[in-house]
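The values are calculated or read from the model by the stated rules, or taken from the named source; none is laboratory data. Being a predicted model, the structure only gives us computed values, none of them experimental. FYI the Cβ positions are ideal-geometry reconstructions off the backbone, even for glycines, and counts take in every protein chain you see. When the accessible area is computed, the model is the full protein with side chains, heavy atoms only, and any ligands, DNA or RNA have been set aside. Shrake-Rupley method; radii C 1.70, N 1.55, O 1.52, S 1.80 Å.
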Amino acid sequence: MFEPLVDRTVTFQEILSAPESYQGKVVVLGGVVLKAKRLKDGTQIEFLQLPLDTRERPILDRQQSQGRFLAIRQDFLDPATIVEGSAMTIVGEVSGAKTDYLDDVEYQYPIVTIKHIHPWLAPSYDNAQPRPRFSIGLGGGTGVGVGGGGGFAIGF
């Protein structure tokens with residue numbers, strides 16, 4: 001739907017250094033949600049940018065981040081439904097920048113107006129992951145003459 005409009009030549013680093021130069025460009029960005037808040041005319045999501053893999057899924061290594069950006073949804077999206085730490089891919093139009101405080105320092109956040117947002121599910125645990133195991137074993141035996149044996153074991 002938005003595929004023909006997306007400019008994949010624009011990097012996040014370029015947008016971060018000169019957001020005004022890329023106003024109107026439709027880009028694909030990904031990251032993890034840091035926080036979301038309601039605005040008068042929409043919802044703002046603050047992202048920690050992360051590079052995308054070949055499926056355009058954020059690579060969940062925060063050390064690879066090049067910075068932060070704000071994504072604005074121009075209609076109501078309840079911030080309670082946007083889970084902090086969740087990974088998302090955004091198709092959006094660069095619409096400028098906003099200077100705000102990041103802790104005690106001014107930070108220039110590029111702003112992207114959301115055209116499409118894709119939340120990714122948390123990684124699932126497959127068979128390669130260690131899992132707790134539970135088993136019960138019973139054993140028994142008889143001996144010749146007097147005596148016998150038996151056993152019971154529980155393993156985790």
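May I ask you to say which residue of 43, 99 is in contact (Cβ under 8 Å) with a residue 12 or more places away in the chain, assigned to a strand (DSSP E or B) and among the polar types (S, T, N, Q)? Walk me through how you get there before you give the answer.
Working: 99 fails: in contact (Cβ under 8 Å) with a residue 12 or more places away in the chain.
Within the list 43, 99, the selection yields 43.
Exactly one condition in (1) more than 12 Å from residue 113 (Cβ to Cβ); (2) modelled with pLDDT under 95; (3) open to solvent by less than 30 Å² (accessible area, probe 1.4 Å) is false for residue 42; which is it?
Residue 42 satisfies all of (1) more than 12 Å from residue 113 (Cβ to Cβ); (2) modelled with pLDDT under 95; (3) open to solvent by less than 30 Å² (accessible area, probe 1.4 Å) except (1).
Does residue 32 satisfy the condition of being farther than 18 Å from residue 119 by Cα and open to solvent by less than 50 Å² (accessible area, probe 1.4 Å)? Break it down into steps so the answer makes sense when it comes.
On the way: farther than 18 Å from residue 119 by Cα: no; open to solvent by less than 50 Å² (accessible area, probe 1.4 Å): yes.
So residue 32 does not fit the description; no.
Mind checking whether some residue in the stretch 51-64 is within 17 Å of residue 119 (Cα to Cα), open to solvent by 90 Å² or more (accessible area, probe 1.4 Å), touching a residue at least 40 places away in the same chain (Cβ under 8 Å) and part of a loop (DSSP other than H, G, I, E, B)?
yes
Here is a yes/no grid of residues against (1) modelled with pLDDT under 90; (2) within 17 Å of residue 58 (Cα to Cα):
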position	(1), (2)
73	no, no
87	no, yes
90	no, yes
107	no, no
114	no, yes
118	no, yes
122	yes, yes
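Any residue in the stretch 15-28 that is open to solvent by less than 30 Å² (accessible area, probe 1.4 Å), touching a Leu at 6+ places or on another chain (Cβ under 9 Å), part of a strand (DSSP E or B) and closer than 21 Å to residue 107 by Cβ?
no
Could you check residue 122 against (1) open to solvent by less than 30 Å² (accessible area, probe 1.4 Å); (2) more than 27 Å from residue 24 (Cβ to Cβ) and say which number it fails?
(1)
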